[in-house]
Amino acid sequence: MYVAVKGGEQAIASAHRWLADRRRGDRDRPELEVDQIGDQLRLAVDRVMSEASLYDPELAALAFKQASGDLTEAVFLLRAYRTTLPRLAVSEPLDTASMRIERRISATYKDIPGGQILGPTYDYTHRLLDFLQLAGAEVPPAETRDDVTDAEPCPQILELLNDEGLVEQEIDDGSEPTDITRDPPDYPMDRAARLQMLARGDEGYLLALGYSTQRGYGRNHPFAGEIRLGQVEVEIHVDEWDETICVGEIALSECQMINQFGGSREAAPQFTRGYGLAFGHNERKTMAMALVDRALRAEELDEPIIGPAQQAEFVLAHADSVDAAGFVSHLKLPHYVDFQSELDLLRRLRREHAARQAELDSARDTASPQPKER
Amino acid sequence: MDGYNFAYLDEQTKRMIHRALLKAVAIPGYQVPFGGREMPMPYGWGTGGVQLTASILGADDILKVIDQGADDTTNAVSIRHFFQRVAGVETTTATTAADVIQTRHRIPETPLRAGQILVFQVPIPEPLRFIEPSEQETRLMHALEEYGVMHVKLYEDIARYGHIATTYAYPVKVDGRYVMDPSPIPKFDNPKLDGNPALMLFGAGREKRLYAIPPYTPVESLDFEDHPFEIQRWEHSCALCGSDRSYLDEVITDDKGGRMFVCSDTDYCQTRRGDVA
């Protein structure tokens, strides 16, 4: 005898206990510390902060641990926490030109004022598994130099091109940008809102879209004008205080892409730009973002829209991993009722099909003589 | 719960949702954009409905949560727990006892009364979405009341299958103006939308849209004169309570093709059987 399915409550509680047990793993080994994650799995933490749009390395590391290393789940955990936080102040625009540089490269000039600085990068490492790390080999400390001062100027490369008018100018018109965390998306979306959506967009998704532009689906001839990574001061304006106050530093990655010329009968041809920015060390993300940002400017720059990466509604509406993972995973929820509706219709259509077929068969039987046997 | 406001959302967010809801009630069936927030459950799992419930819930309200018509499906259990935890409100499984009912995919069989609020979880609020993927376009189509394509789609179904092949999320026209997606309820439930004494609110969290059908609003399901709208019927009655007028779920009972049909609305079925939990 069928009994209506009960016990969902008990099942959920037990499943969560099992999950917590799995996450803890072998009790004979020390438990992973959140600080260790922040320290030794920095790039994971940076990605979680970026896509969750919350700069808090400790909580991002906690989310990563709580999610057993599932980045998408960790992003979701941190994002859901972020949404409950009050907004105490809005910072002044960050000045990435005054970044304390850790890494800074340009693919457009061999030598640049301030120099090319490789920094802590995986570039040029040979991707050979380091079996010594299995055995727990000691890692020698990095070399330091005393003769470099922070004060050395590190101008933005694109500003050097600006002097000649070779690259389009980005002009701050002083308007208040939309806040995608407060305002529902409104298409067509201006660039400020688009960049916000790309900044928290899923890295893999943006990478694939950026890559697609390089393979001809909306090609825009990019050069990595400058990629920089380092610490930037966050300043806020406080009422009854004349100057802005620095409330701390955050690590940022920035990519300025230089792209093919625009220009029209009125305007002289110039390089155009694509822009990428992310929390922490997130270079791949910023490059992909810059490619997609540039692709999404197709309409503004009067270019034919031929690739998926150029279609703003498509790109932006599907970029968020919290949105996407949620909606895909909801297919796991029961759909008994809708499935029953479809089942009902399908059976009816098949009955009608069978009846028609039978009618046809009997019509054929009476109309045509039986084939002769050979 | 410590560290969180009553019913999770902060009061500013609730006020923002209230304003959007007032607009929705004033323009029945119109999708009002709202600044949807991330909730601590995934998008697609009822975040839109949860936000609406959180913003309208009062400390004295009695809450019922159903999924597929049942109070004990896992996601209904999870959402009910959430509100017990963050709002500490009383919950019930009895449709008649509830002030607010959050639902996914069903309207209760027991008729609702004036003063009750039914909150629907909506995955895709735009009824024209699968005909026109662009939001810019569909908003324009609503503004111009350009709904011909919807009828063409239904007509194509008839031409191809002999029937309108939409069995759930069946489009309706609200108060003679806006074509609206009633969320993926079976079309069996569509007639309950028409002139219902309860307030019906629809929340789509991921898509950041909400809409409403105020009490006693005329709601018609789209159809044709020669292909009038009709609802699903069963050759069976409920195997548990014997009802021949409720929506039935098919349950496979063995691996030899054995199956039975039972009410999808567990409260309705149990009440009829007289063993209310």
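The values are calculated or read from the model by the stated rules, or taken from the named source; none is laboratory data. It should be emphasised that the depicted structure is a prediction, and the values quoted were computed from it without experimental measurement. So basically every Cβ, Gly included, is an ideal-geometry build from the backbone, and we count neighbours across all protein chains shown. These accessible areas exclude ligands, DNA and RNA; they are computed on the full protein's heavy atoms, side chains included. Shrake-Rupley method; radii C 1.70, N 1.55, O 1.52, S 1.80 Å.
Name the helices (runs of 4 or more DSSP H) wholly inside the stretch A:1-96 in which the number of residues that are within 10 Å of chain B (Cβ to nearest Cβ) is 1 or more.
By residue number, A:8-24, A:42-52, A:71-82.
Quick test of your reading of the structure: B:Thr93 fulfils all but one of (1) facing chain A (nearest Cβ under 9 Å); (2) of a type outside the set (Gly, Ala, Ser); (3) in contact with a Ser or Thr (Cβ under 8 Å, 6 or more places away or on another chain); (4) open to solvent by 10 Å² or more (accessible area, probe 1.4 Å). Name the failing condition by number.
Every condition holds for B:Thr93 apart from (1).
Please go through the stretch A:323-338 and pick out each residue that is over 24 Å from B:Ser134 (Cα atoms), within 7 Å of another protein chain (Cβ to nearest Cβ) and either open to solvent by 20 Å² or more (accessible area, probe 1.4 Å) or not in a helix (DSSP H, G or I) (or both).
A:Leu333, A:Pro334, A:Tyr336
Residues of the stretch A:152-195 being free of Cβ contacts under 8 Å to residues at least 40 places away in the same chain and acidic (Asp, Glu), which ones?
If the condition is that a residue be free of Cβ contacts under 8 Å to residues at least 40 places away in the same chain and acidic (Asp, Glu), then A:Glu152, A:Asp163, A:Glu164, A:Asp173, A:Glu176, A:Asp179, A:Asp183, A:Asp186, A:Asp190 are the ones that fit.
Among A:Ala354, A:Ala288, which is in a helix (DSSP H, G or I), free of Cβ contacts under 8 Å to residues at least 40 places away in the same chain and either open to solvent by less than 100 Å² (accessible area, probe 1.4 Å) or among the aromatic types (Phe, Trp, Tyr) (or both)?
After applying the criteria, what remains is A:Ala354.
Looking at A:Ser341, A:Ser362, which one is buried (at least 23 other Cβ atoms within 10 Å of the Cβ), out of contact with any His (no Cβ under 8 Å at 6 or more places or on another chain) and outside the structural domain of A:Arg104 (by TED's automatic domain parsing)?
A:Ser341
So in the stretch B:151-179, with the set limited to residues that are assigned to a helix (DSSP H, G or I) and in contact (Cβ under 8 Å) with a residue 60 or more places away in the chain, which one is nearest to the other protein chains (Cβ to nearest Cβ)?
Here the residue is B:Ile158.
So which residues in the stretch B:37-66 are among the acidic types (Asp, Glu), within 11 Å of chain A (Cβ to nearest Cβ) and over 26 Å from A:Asp320 (Cα atoms)? Please lay out each step first, then the result.
Going residue by residue through the stretch B:37-66, those that are among the acidic types (Asp, Glu) are B:38, B:60-61.
Narrowing the set further to residues that are within 11 Å of chain A (Cβ to nearest Cβ) leaves B:38.
Matches in the stretch B:37-66: none.
Considering each residue of the stretch B:24-36, count those that are within 13 Å of another protein chain (Cβ to nearest Cβ) and surrounded by fewer than 24 Cβ atoms within 10 Å (Cβ to Cβ), and give that number.
The number of residues fulfilling the criteria is 3.
Any idea how many residues of the stretch A:139-170 are surrounded by fewer than 10 Cβ atoms within 10 Å (Cβ to Cβ) and at pLDDT 85 or above?
Result for the stretch A:139-170: 5.
I'd like to know if the stretch B:192-208 contains one or more residues that are part of a loop (DSSP other than H, G, I, E, B), at the interface with chain A (Cβ under 9 Å from one of its Cβ atoms) and open to solvent by 30 Å² or more (accessible area, probe 1.4 Å).
Yes, there is a match, as at least one residue in the stretch B:192-208 is part of a loop (DSSP other than H, G, I, E, B), at the interface with chain A (Cβ under 9 Å from one of its Cβ atoms) and open to solvent by 30 Å² or more (accessible area, probe 1.4 Å).
Could you tell me how many of the residues in the stretch B:248-261 are outside any loop (DSSP other than H, G, I, E, B) and within 7 Å of chain A (Cβ to nearest Cβ)?
The qualifying residues number 4.
Here is a list: A:Gly114, A:Gly136. Which entry is assigned to a loop (DSSP other than H, G, I, E, B), assigned by TED's automatic domain parsing to the domain that holds A:Ile258 and open to solvent by less than 100 Å² (accessible area, probe 1.4 Å)? Write out each step before concluding.
On the way: A:Gly136 fails: assigned by TED's automatic domain parsing to the domain that holds A:Ile258.
Of the residues listed, the single one that is assigned to a loop (DSSP other than H, G, I, E, B), assigned by TED's automatic domain parsing to the domain that holds A:Ile258 and open to solvent by less than 100 Å² (accessible area, probe 1.4 Å) is A:Gly114.
Please determine, by comparing only the residues of the stretch B:121-131 that are within 13 Å of chain A (Cβ to nearest Cβ) and surrounded by 15 or more Cβ atoms within 10 Å (Cβ to Cβ), which one is farthest from B:Asp99 (Cα to Cα).
Among them, the one singled out is B:Glu126.
Of all residues in the stretch A:298-322, how many are free of Cβ contacts under 8 Å to residues at least 60 places away in the same chain and either surrounded by 20 or more Cβ atoms within 10 Å (Cβ to Cβ) or of a type in the set (S, T, N, Q) (or both)?
Residues flagged as free of Cβ contacts under 8 Å to residues at least 60 places away in the same chain and either surrounded by 20 or more Cβ atoms within 10 Å (Cβ to Cβ) or of a type in the set (S, T, N, Q) (or both) within the stretch A:298-322 amount to 1.
Output the residues belonging to the stretch A:239-269 that are open to solvent by 60 Å² or more (accessible area, probe 1.4 Å), of a type outside the set (Asp, Glu) and assigned to a loop (DSSP other than H, G, I, E, B).
Listed by number, the residues that qualify are A:Trp241, A:Ser264, A:Arg265, A:Ala268, A:Pro269.
Since A:Met49 meets every condition but one in (1) touching a strand residue (DSSP E or B) at 6+ places or on another chain (Cβ under 7 Å); (2) surrounded by fewer than 11 Cβ atoms within 10 Å (Cβ to Cβ), which condition does it not meet?
Against the list (1) touching a strand residue (DSSP E or B) at 6+ places or on another chain (Cβ under 7 Å); (2) surrounded by fewer than 11 Cβ atoms within 10 Å (Cβ to Cβ), A:Met49 comes up short only on (2).
Give B:Glu220, B:Glu156 a once-over and let me know the one that is surrounded by fewer than 20 Cβ atoms within 10 Å (Cβ to Cβ), in contact with a Gly (Cβ under 9 Å, 6 or more places away or on another chain) and over 18 Å from B:Gln116 (Cα atoms).
Selected residue: B:Glu220, the only one of B:Glu220, B:Glu156 that is surrounded by fewer than 20 Cβ atoms within 10 Å (Cβ to Cβ), in contact with a Gly (Cβ under 9 Å, 6 or more places away or on another chain) and over 18 Å from B:Gln116 (Cα atoms).
When you scan the stretch B:37-73, how many residues do you find that are surrounded by fewer than 20 Cβ atoms within 10 Å (Cβ to Cβ) and under 13 Å from the mean Cα position of the chain (by Cα)?
0
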